[in-house]
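Participant: Before anything else, here's the structure in question.
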Amino acid sequence: DNPRCLREQYVKNKRSIGKHMKRIALLILTNIAVVVMLGIILTVVSMLTGINFGQMAGKSLNVGALFVFALVVGFAGSIISLFMSKSMAKMSMGVQLINTDNPSPGLEQWLVGVVRAQADKLGLQMPEVGIYEGEPNAFATGASKNSSLVAVSTGLLSMMNQKEVEAVLAHEMSHVANGDMVTMTLIQGVTNTFVVFLSRLIGWVVDRQILRNEDDAPGIGYYVTSIVLDIAFGLLAGIIVAAFSRYREFRADAGAAQVMNSPEPMISALQRLGTMQPAELPAAVKGFGISGGIGSLFASHPSIEDRIAALRNGR
């Protein structure tokens with residue numbers, strides 16, 4: 001009931017709400033940008049190929065046009081998000097970049113030194129390094145191995161010892177070295193393509209072959225079936241993407257053990273994370289944090305217990 005404590009809590013809550021609102025606004029703007037770019041890309045493809053996407057589900061099904069449409073829609077959003085991921089992460093998380101050429105003495109200098117040594121060991125160009133205010137977490141993002149960002153939260157830095165922080169950084173650098181950002185984009189693009197293609201193919205069959213729609217334009221059967229199957233196939237695609245994401249986390253943990261020449265620092269860091277409440281990361285980088293959702297087919301990260309067991313078993 002201390003007035004000072006209440007005031008500090010109020011200010012903290014207000015800042016937290018402000019950050020969430022900023023992330024929501026950025027997410028909305030990003031989605032608008034993706035939709036606009038999709039429209040432009042589809043228009044350009046239509047002009048170059050002569051495909052009329054508006055007539056791809058008429059009386060006769062234009063499978064080629066449908067596949068091109070699915071391919072563009074499936075990959076364009078993922079690729080655009082990949083190239084925007086670094087700038088989105090900086091803005092949404094409030095990442096303060098460190099001048100890697102001239103870091104301040106102390107924490108900044110130490111962080112840059114650790115990341116530089118790990119980058120050299122992994123044969124990577126030096127990534128951007130940043131710190132953001134928040135609960136314990138860290139992430140890596142970027143459009144390529146040699147154009148990446150590694151960021152750690154103040155909460156993680158304050159709760160872990162140096163060896164544990166080094167292991168977390170090694171985990172994130174392993175994501176970069178493995179090209180996980182690009183691989184995840186490709187997998188997401190492929191699954192998106194099949195979701196769009198199959199849902200509309202089946203929608204056409206239901207509309208034309210089962211409901212016997214004879215109009216030139218697609219009927220209600222096409223639209224309802226496509227929407228329902230977009231959701232159903234989208235859930236299945238999410239399970240596939242999440243499964244690969246969990247596999248990728250095991251691989252990044254193993255990479256951290258190799259960089260640190262021992263699995264123990266990573267095990268210690270994971271045990272420490274098990275006692276904390278990790279911060280929620282924005283969608284653009286959620287799959288590349290040190291910690292994430294667990295206990296679900298849709299979880300981007302395995303459980304802490306499974307990750308520790310894999311490290312102890314040398315997997």
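Participant: Could you check the stretch 203-238 and list, in sequence order, the residues that are open to solvent by 60 Å² or more (accessible area, probe 1.4 Å), part of a helix (DSSP H, G or I) and either in contact with a helix residue (DSSP H, G or I) (Cβ under 6 Å, 6 or more places away or on another chain) or among the polar types (S, T, N, Q) (or both)?
Facilitator: Q209, the sole residue that qualifies.
Participant: Of all residues in the stretch 169-215, count the ones that are β-branched (V, I, T) and in contact with a Leu (Cβ under 9 Å, 6 or more places away or on another chain).
Facilitator: Quick first cut of the stretch 169-215, residues β-branched (V, I, T) only: 176, 182-183, 185, 187, 190-191, 193, 195-196, 202, 205-206, 210.
From the residues that got through so far, the ones that are in contact with a Leu (Cβ under 9 Å, 6 or more places away or on another chain) too are 176, 182, 185, 191, 193, 195-196, 202, 205.
Residues flagged as β-branched (V, I, T) and in contact with a Leu (Cβ under 9 Å, 6 or more places away or on another chain) within the stretch 169-215 amount to 9.
One line per residue, one yes/no per condition, for (1) in contact (Cβ under 8 Å) with a residue 60 or more places away in the chain; (2) touching a Pro at 6+ places or on another chain (Cβ under 7 Å); (3) of a type outside the set (D, E, K, R):
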residue: A170; (1), (2), (3): yes, no, yes
residue: V176; (1), (2), (3): no, yes, yes
residue: T185; (1), (2), (3): yes, no, yes
residue: Q188; (1), (2), (3): yes, no, yes
residue: F194; (1), (2), (3): yes, no, yes
residue: L198; (1), (2), (3): no, no, yes
residue: L201; (1), (2), (3): yes, no, yes
residue: R208; (1), (2), (3): yes, no, no
residue: T225; (1), (2), (3): no, no, yes
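Participant: If A279 satisfies every condition in (1) at pLDDT below 90; (2) of a type outside the set (D, E); (3) in a helix (DSSP H, G or I) but one, which is the exception?
Facilitator: Here A279 clears every test but (3).
Participant: Please verify whether the stretch 92-112 includes one or more residues that are closer than 17 Å to A256 by Cβ, aliphatic (A, V, I, L, M) and modelled with pLDDT of 90 or more.
Facilitator: Yes, the stretch 92-112 contains at least one residue that is closer than 17 Å to A256 by Cβ, aliphatic (A, V, I, L, M) and modelled with pLDDT of 90 or more.
Participant: Return the residue satisfying two criteria in turn: it lies in the stretch 45-65 and is in a helix (DSSP H, G or I) and open to solvent by 60 Å² or more (accessible area, probe 1.4 Å), and of such residues it is nearest to V196 (Cα to Cα).
Facilitator: Within the stretch 45-65, the match that is nearest to V196 (Cα to Cα) is V63.
Participant: Here is a follow-up. Any idea which residue in the stretch 239-269 is nearest to G123 (Cα to Cα), counting only those that are open to solvent by less than 40 Å² (accessible area, probe 1.4 Å) and not in a helix (DSSP H, G or I)?
Facilitator: M260
Participant: Does L38 count as surrounded by 13 or more Cβ atoms within 10 Å (Cβ to Cβ), part of a helix (DSSP H, G or I) and modelled with pLDDT of 80 or more?
Facilitator: No, not satisfied.
Here is a yes/no grid of residues against (1) among the small types (G, A, S); (2) on the phi > 0 side of the Ramachandran plot:
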{"residue": "A57", "(1), (2)": "yes, no"}
{"residue": "L61", "(1), (2)": "no, no"}
{"residue": "S78", "(1), (2)": "yes, no"}
{"residue": "S81", "(1), (2)": "yes, no"}
{"residue": "S87", "(1), (2)": "yes, no"}
{"residue": "G94", "(1), (2)": "yes, yes"}
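Participant: Moving on to the next point. If I ask for residues that are open to solvent by 30 Å² or more (accessible area, probe 1.4 Å) and polar (S, T, N, Q), which ones from the stretch 67-81 would you list?
Facilitator: Matches in the stretch 67-81: S81 only.
Participant: Another one. Can you find a residue that is touching a Ser or Thr at 6+ places or on another chain (Cβ under 7 Å) and not basic (K, R) anywhere in the stretch 210-224?
Facilitator: no
Participant: Quick check on the stretch 55-76. Is at least one of its residues more than 23 Å from P218 (Cα to Cα) and modelled with pLDDT of 85 or more? Give the derivation first.
Facilitator: The first filter runs over the stretch 55-76 and keeps only residues more than 23 Å from P218 (Cα to Cα), leaving 75-76.
Within this subset, residues satisfying the condition of being modelled with pLDDT of 85 or more are 75-76.
Yes, the stretch 55-76 has at least one match.
Participant: Which one of these is at pLDDT 65 or above and more than 21 Å from R200 (Cα to Cα): I24, I51?
Facilitator: Among I24, I51, only I24 is at pLDDT 65 or above and more than 21 Å from R200 (Cα to Cα).
Participant: Can you say whether A117 is without any contact (Cβ under 8 Å) to a residue 12 or more places away in the chain and among the aliphatic types (A, V, I, L, M), as far as the supplied structure shows?
Facilitator: Answer is yes for this residue.
Participant: Using the structure shown, decide if R15 is modelled with pLDDT under 75 and either over 29 Å from the mean Cα position of the chain (by Cα) or in a loop (DSSP other than H, G, I, E, B) (or both).
Facilitator: Considered against the rule, which asks whether it is modelled with pLDDT under 75 and either over 29 Å from the mean Cα position of the chain (by Cα) or in a loop (DSSP other than H, G, I, E, B) (or both), R15 comes out as no.
The values are calculated or read from the model by the stated rules, or taken from the named source; none is laboratory data. Given the structure is predicted, the values throughout are model-derived calculations rather than measurements. Here the Cβ is made from the backbone with ideal geometry for all residues, glycine too, and neighbour counts use every protein chain on show. Note: areas computed on protein heavy atoms with side chains; ligands, DNA, RNA excluded. Shrake-Rupley method; radii C 1.70, N 1.55, O 1.52, S 1.80 Å.
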